[in-house]
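Presented below is the structure to which this report refers.
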């Protein structure tokens with residue numbers, strides 16, 4: 001049975017995964033590697049547990065006053081020209097996104113990584129509305145080409161071999177490639193650049209949203225988030241409501257914790273702080289910026 005025809009029964013899926021030697025090996029290798037990098041990274045930090053305690057305090061305080069900080073974020077963001085929308089559930093979030101698509105007569109959406117979009121099955125809804133939606137995170141794009149869903153939060157294509165990726169890229173580009181990493185990466189880069197420059201809407205996730213300034217913060221390692229957020233005419237942020245933090249000073253704490261805890265890095269390659277659409281006299285940025293804040297059982 002192919003991966004794209006995976007059984008729907010959970011027990012059958014467990015059995016199929018356990019019989020996949022490559023998948024088991026890849027998951028073990030990745031888990032061990034991430035665990036080792038994380039340990040090395042946190043050992044280099046003095047008072048790591050104190051940083052974690054501070055992060056916990058920020059989160060607990062924010063969640064205890066969530067309504068206040070969400071309202072503050074919305075007011076500050078709107079003052080900078082961002083349009084903020086609150087969605088009570090997945091259906092409302094999809095409706096809001098499709099309304100933005102319709103208002104912009106959009107035909108193509110370029111996506112940076114967003115677990116909220118996975119949560120609400122946004123890609124499927126866009127496809128049903130005959131809107132092209134292209135993942136631009138490399139791992140997510142591989143999974144999209146395969147017609148699958150991510151198998152890992154950080155490394156979504158962990159279960160794919162290089163030969164499988166080569167076959168997917170050859171099918172996409174209708175060309176012959178080699179399994180060399182540089183060749184495959186070059187093909188992805190050339191193909192996705194065309195997506196960046198011709199997309200009507202760019203969509204990103206949100207790692208944090210700063211209440212005092214109305215800015216959203218995105219951590220990435222590939223640079224696609226920057227392209228998606230600045231090149232298309234319209235930028236839409238999909239944000240879980242729990243991503244709010246009170247101040248820029250709190251971001252320092254979270255930026256100290258998140259990369260080390262997730263990938264074992266001191267800091268990700270790119271950290272974007274996005275505060276509104278393009279301002280008069282500026283050359284970069286979208287003409288419109290929207291933030292869809294999703295509840296969907298969080299409150």
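Read-outs throughout are calculated quantities, based only on the coordinates presented, and are distinct from any laboratory measurement. Just so it is clear, the model here is predicted, and its values are computed rather than measured. FYI the Cβ positions are ideal-geometry reconstructions off the backbone, even for glycines, and counts take in every protein chain you see.
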Euclidean distance between Cα centres, segment 193-207 to segment 220-299, Å: 13
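With r as the distance between the Cβ atoms of residue 124 and residue 71 and R0 = 45 Å, compute the FRET efficiency 1/(1 + (r/R0)^6) and round to 0.05. Walk me through the intermediate numbers first.
Working: r = 32 Å, r/R0 = 0.71.
After rounding to 0.05, the efficiency reads 0.90.
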Label zone at residue 266 (point 7 Å along Cα-to-Cβ), backbone N below 17 Å, segment 28-68: 37-48
Segment 1-153: relative contact order in percent, alpha carbon pairs under 8 Å with at least 6 residues between: 16
The chain - mean residue ellipticity at 222 nm from DSSP helices (-39,500 (n - 2.57) per run, n ≥ 4, rounded to 500): -15500 deg cm²/dmol
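So how do 157-164, 238-245 stack up, highest first, on mean other-Cβ count within 10 Å? Numbers along the way, then the final one.
On the way: 157-164: 16.9, 238-245: 22.2.
Highest to lowest by the protection proxy: 238-245, 157-164.
Given 0.36 nm per residue, what is the gain on full extension from residue 163 to residue 194 after removing their alpha carbon distance, in nm? Can you show the working numbers first?
Numbers: separation 31, 0.36 × 31 = 11.16 nm, distance 2.43 nm.
Fully extending the segment from residue 163 to residue 194 adds 8.7 nm.
Give the peptides 255-266, 138-149, 215-226 in descending order of average Cβ contacts within 10 Å, highest first.
Working: 255-266: 17.4, 138-149: 19.2, 215-226: 21.6.
Taking the mean over residues of other Cβ atoms within 10 Å, the ranking is 215-226, 138-149, 255-266.
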Relative contact order computed over segment 231-299 (Cα-Cα under 8 Å; 6+ residues apart), in percent: 55
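Hey, what did the chain get for relative contact order, percent, Cα under 8 Å, at least 6 apart? Numbers along the way, then the final one.
On the way: 479 pairs, mean separation 79.9, N = 299.
Computed over the chain, the figure is 27 percent.
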Gained length - residue 30 relative to residue 102, 0.36 nm times residue gap less alpha-carbon distance: 21.8 nm
Three-way shape label, the chain, alpha-carbon gyration tensor, a/c 1.5: oblate
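Rounded to whole Å and sorted largest first, what semi-axes of the equivalent ellipsoid does the C-alpha gyration tensor of segment 8-149 yield via the square root of 5 times each eigenvalue? Walk me through the intermediate numbers first.
On the way: eigenvalues 205, 175, 44 Å².
That gives 32, 30, 15 Å for the three semi-axes.
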Computed FRET value (nearest 0.05) for residue 13 with residue 154, which takes r as the C-beta separation and R₀ as 22 Å: 0.60
